[in-house]
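Engineer: Questions regarding the structure given below will be posed in turn.
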Amino acid sequence: MADYDYDLITIGAGSGGVRASRRAAALGKRVCVIENLRVGGTCVMRGCVPKKLLVIGSHFADDFEDAAGYGWTVPEAGPGITHDWPALIKAKAKELDRLEGVYHRILRDNGVEEITGTGRIKGPHTVEVDGPDGNTSLSAETILVATGGWPYLPDIPGIEHAITSNEALDLAELPKRIAIVGGGYIAVEFAGIFNALGSDVTEIIRAPQILRGFDEDVRDVLAQEMEKKGITIRRECIVRSIEKTETGLSVLFPYGDAIEVDQVMYATGRKPNTSGLGLEEAGVTLNGKSAIEVDEFSKTAVDSIYAIGDVTDRVNLTPVALAEGEAFVRTVFLDDPTSVDYTNIASAVFSQPPIGSVGMTEDEAVVALGGEDAVDVYVSRFTPMKYTLSGRDEKTIMKIVVDAKTDRVVGCHMAGLDSPEIVQGLAIALKCGATKAQFDATIGIHPTAAEEFVTMRDRRGYDS
Ligand code: NDP
């Protein structure tokens, strides 16, 4: 057997790369991980974690208002209640530093060697690292590419004036007016954050509705709630160009109209980080979206090179990258070929209100199960108890999609307070193949919103 420097070289110390590296090292393998930015990757440094901290921080605006309905004396918004954006960003940065320290410690404690630099594949077993001390050539029996993705911005005039979620998380000051382009996860989450903190938010979407791919009822409810909060959604609209003006940025639309804002943020999807890695020269194949093509065991076209996470553009979620990392280690180092089950992966959108979703949407079920008669739908729409005394006009919607023939629940969707927390539990039920009769036989926890999921009896609820 050839004598390599390592058993495993991982390129990219994000969620997937760190998980795979430390699991392999814990098995006694010689592992190094190469990273050119901060350890923790998109999720911890530029995505899920800082975003959620900002969501939590911004939601206090509603909480202060709601407190008045419960007898608290709350100063009027304005001089009474103020928000210090730099203080929030500083506190968030401190927490990210702490988390980065935790990641370094996990790697160190498991015996993973960290190498700072940019990795480039030079052959089936060779990686060149361009680091602070120049170039080094390293070899390993197996190479794992876990380089994630990066925001994609369309090439329009003035795009250099736009920011992405990367910069939005570290702005020196809160923009008074912001235009957010895109209707996906990131766009609606940041629209909620900036709106709650007092910015004037315009979300610009090219489609008729936000969040393509989510259940139609849930999309409609979230859009209504966002608009009630004062977010302007410009539908079926594209940006022609962005121009710098004396007082801000002008966003120009195709018919000559324009809006002026202080920041323009693009959240128009992400692209896999595959360029400059030497992948194709090494024989690794990419698909039309520049993502690495892999088999069910995350193996690329080259036997010794594997890839996991967003760089493979399968299901771009942190827990999926973690599962792919675990499966990779079992496959390669425990001689136990393991693939990830991609069915019924729950996900959440941390919009305000948030969304939780697992399984098929109603439309997907109608197609998959053979028509409308094959699908039973249960819907409940109500005002959360918290808002009864506070008087907040914000609705929750819950929806169950059932295979009429087998009675199996094939989808659960919710927009409203606490939905990500509630839907995580339902995801277990769907994974176990629960039927609607079993949902009905489950006794609810009272008084909660979650109990609605086990008390919906009338098909098609409110809109039948
Ligand atoms: P998404 O793919 O979710 O959404 C991209 C949005 O941009 C869509 O509304 C799309 O419109 C629009 N768009 C794409 N190209 C253009 C263009 N040229 N001009 C105008 N609009 C355009 O991407 P995000 O950037 O929001 O998020 C990236 C990924 O990150 C997500 O897919 C998700 O996997 C992950 N993520 C997960 C989160 C979570 O789990 N809570 C949170 C944040 C991110 P259309 O619909 O018409 O195609």
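Engineer: At a 10 angstrom cut-off on C-beta neighbours, averaged per residue, how do the peptides 184-194, 449-459 rank from highest to lowest? Numbers along the way, then the final one.
Structural biologist: On the way: 184-194: 25.4, 449-459: 16.5.
Packing proxy ranking, top to bottom: 184-194, 449-459.
Engineer: Subtracting the Cα-Cα distance from 0.36 nm times the residue separation, let me have the gained length for V315 to W150 in nm, one decimal.
Structural biologist: Working: separation 165, 0.36 × 165 = 59.40 nm, distance 1.51 nm.
Residue separation times 0.36 nm, minus the Cα-Cα distance, leaves 57.9 nm.
Engineer: Still on this structure, I have one more. Using the per-residue mean of other Cβ atoms lying within 10 Å as a proxy for protection, in what order, highest first, do the peptides 299-308, 171-180 fall? Walk me through the numbers before you get to the answer.
Structural biologist: On the way: 299-308: 21.7, 171-180: 18.6.
Order by mean packing, descending: 299-308, 171-180.
Engineer: Subtract the Cα-Cα distance of W72 and D257 from 0.36 nm times their separation in residues, and report this length gain in nm to one decimal.
Structural biologist: 62.1 nm
Engineer: Also, quick follow-up: Restricting to the range 162-253, what percent of DSSP beta bridges are antiparallel, rounded to 5?
Structural biologist: Working: 4 of 12 bridges.
If we restrict to bridges inside the range 162-253, about 35 percent are antiparallel.
Engineer: What number, in nm² with one decimal, is the all-direction average of the projected area of the convex hull of the alpha-carbon atoms of the range 1-115?
Structural biologist: Details: hull surface 38.3 nm².
Mean projected area of the Cα convex hull: 9.6 nm².
Engineer: Using θ = phi - 60° and the Karplus relation 6.51 cos²θ - 1.76 cosθ + 1.60, list the HN-Hα couplings for the range 325-332 in order, rounded to whole Hz, with x at every Gly or Pro.
Structural biologist: Listing the rounded values in order: x, 4, 5, 4, 5, 4, 5, 8 Hz.
Engineer: Using the Cα centre of the chain as the reference point, and only Cβ charges (+1 on K/R, -1 on D/E), how large is the resulting charge dipole? Debye, rounded to the nearest 20.
Structural biologist: My answer is approximately 400 debye.
Engineer: Considering only protein heavy atoms and a 1.4 Å probe, what is the carbon-and-sulfur percentage of the accessible area of the chain? Before the final figure, lay out each step's value.
Structural biologist: Numbers: 11110 of 21700 Å².
About 51 percent, which is the carbon plus sulfur part of the accessible surface.
Engineer: May I ask you to evaluate 6.51 cos²θ - 1.76 cosθ + 1.60, the Karplus curve with θ = phi - 60°, for each residue of the range 91-101 and list the ³J(HN,Hα) values in order in whole Hz, giving x for glycine and proline?
Structural biologist: Result, rounded to whole Hz: 5, 5, 4, 5, 5, 5, 4, 4, 5, 4, x.
Engineer: Using amide H atoms built in the peptide plane, which far-off residues or other-chain residues are under 5 Å from K271 H to H?
Structural biologist: W150, Y152
Engineer: Give the angle, between 0 and 90 degrees and rounded to the nearest 10, that separates the Cα long axis of helix 48-68 from the longest principal axis of the Cα atoms of the chain.
Structural biologist: Helix 48-68 and the main axis of the chain meet at about 20 degrees.
Engineer: Give the shape of the range 234-380 as rounded, prolate or oblate, defined through the alpha-carbon gyration tensor: a ≥ b ≥ c are the square roots of its eigenvalues, a/c under 1.5 means rounded, and otherwise the shape is prolate if a/b is larger than b/c and oblate if not.
Structural biologist: Details: a/c = 2.50, a/b = 1.32, b/c = 1.90.
Verdict is oblate for the range 234-380.
Engineer: Moving to a separate point now. Which shape class applies to the range 190-264: rounded if a/c is under 1.5, otherwise prolate when a/b exceeds b/c and oblate if not, where a ≥ b ≥ c are the square roots of the Cα gyration tensor eigenvalues?
Structural biologist: Verdict is oblate for the range 190-264.
Engineer: With unit charges on the beta carbons (Lys and Arg positive, Asp and Glu negative) and the dipole taken about the Cα centre of the chain, which residue among A93, A67, C32 sits farthest to the positive side?
Structural biologist: A67
Engineer: I186: net charge of surrounding residues, Cβ under 12 Å, Lys/Arg +1, Asp/Glu -1, itself excluded? Before the final figure, lay out the partial values.
Structural biologist: Working: positive: R46, K51, R270; negative: E189, E203.
Once positives and negatives cancel, what remains is +1.
Engineer: Count charges around D376 for me, please; just the other residues with Cβ under 13 Å from its Cβ, Lys/Arg as +1, Asp/Glu as -1. Each step should come with its number before you reach the end.
Structural biologist: On the way: positive: K399, K405, R408, K436, R457, R459, R460; negative: E362, E372, D373, D403, D407, D440, D458.
That sum, taken over residues with Cβ under 13 Å, equals 0.
Engineer: OK, next. Using a Förster distance of 56 angstrom, determine the FRET efficiency expected from the C-beta separation of T82 and R459, and round it to 0.05.
Structural biologist: On the way: r = 49 Å, r/R0 = 0.87.
Efficiency, rounded to the nearest 0.05: 0.70.
Engineer: Amide H of E203: which non-local residues (sequence gap of 5 or more, or other chain) have their own amide H closer than 5 Å, using H built in the peptide plane?
Structural biologist: Residues meeting the amide H criterion: I180, T232, I233, R234.
Engineer: Which pairs in the list K52/K386; K176/K229; K51/K229; K271/K299; K122/K299; K271/K395 are over 23 Å apart, alpha-carbon to alpha-carbon? Walk me through the numbers on the way to the answer.
Structural biologist: On the way: K52/K386 21 Å; K176/K229 16 Å; K51/K229 19 Å; K271/K299 20 Å; K122/K299 17 Å; K271/K395 35 Å.
Over 23 Å Cα-Cα: K271/K395.
Engineer: Just to confirm, what accessible area per residue do you get for the range 329-375 at 1.4 Å probe, in whole Å²? Show your work: numbers first, answer last.
Structural biologist: On the way: 2240 Å² over 47 residues.
Per-residue accessible area for the range 329-375 comes out at 48 Å².
Engineer: Continuing with this model, one more query. Which whole-number percent gives the relative contact order of the chain, counting Cα pairs below 8 Å spaced six or more residues apart? Present the calculation step by step, with values, prior to reporting the outcome.
Structural biologist: Values: 962 pairs, mean separation 68.9, N = 464.
Here the relative contact order equals 15 percent.
Engineer: Turning to a different aspect of this structure: Rounded, prolate or oblate: which fits the chain when a ≥ b ≥ c are the square roots of the eigenvalues of the alpha-carbon gyration tensor, with rounded for a/c under 1.5 and prolate only if a/b beats b/c? Can you show the working numbers first?
Structural biologist: Values: a/c = 1.79, a/b = 1.29, b/c = 1.38.
In terms of gyration-tensor shape, oblate.
Engineer: Kindly write out, for the range 197-212 in residue order, the coupling ³J(HN,Hα) from the Karplus curve 6.51 cos²θ - 1.76 cosθ + 1.60 (θ = phi - 60°), rounded to whole Hz, with x marking Gly and Pro.
Structural biologist: The phi angles translate into 8, x, 6, 8, 10, 10, 9, 10, 10, 7, 8, x, 8, 6, 6, 3 Hz.
Engineer: Expected output is a single nm value to one decimal: the length gained when fully extending between V367 and I56, i.e. 0.36 nm times separation in residues minus the C-alpha distance. What is it? Mind showing how you got there, number by number?
Structural biologist: Values: separation 311, 0.36 × 311 = 111.96 nm, distance 3.73 nm.
Gain on extension, V367 to I56, equals 108.2 nm.
Engineer: Could you work out how far the C-alpha centroid of the range 40-85 sits from that of the range 421-464, in angstrom?
Structural biologist: 30
The values are calculated or read from the model by the stated rules, or taken from the named source; none is laboratory data. Not measured: the values here are computed from a predicted model. Don't worry about glycine lacking a Cβ; one is built from the backbone with ideal geometry, like all the others, and counts go over all protein chains shown. These area figures cover heavy atoms from the full protein model, side chains too; ligands, DNA and RNA do not enter into them. Shrake-Rupley method; radii C 1.70, N 1.55, O 1.52, S 1.80 Å.
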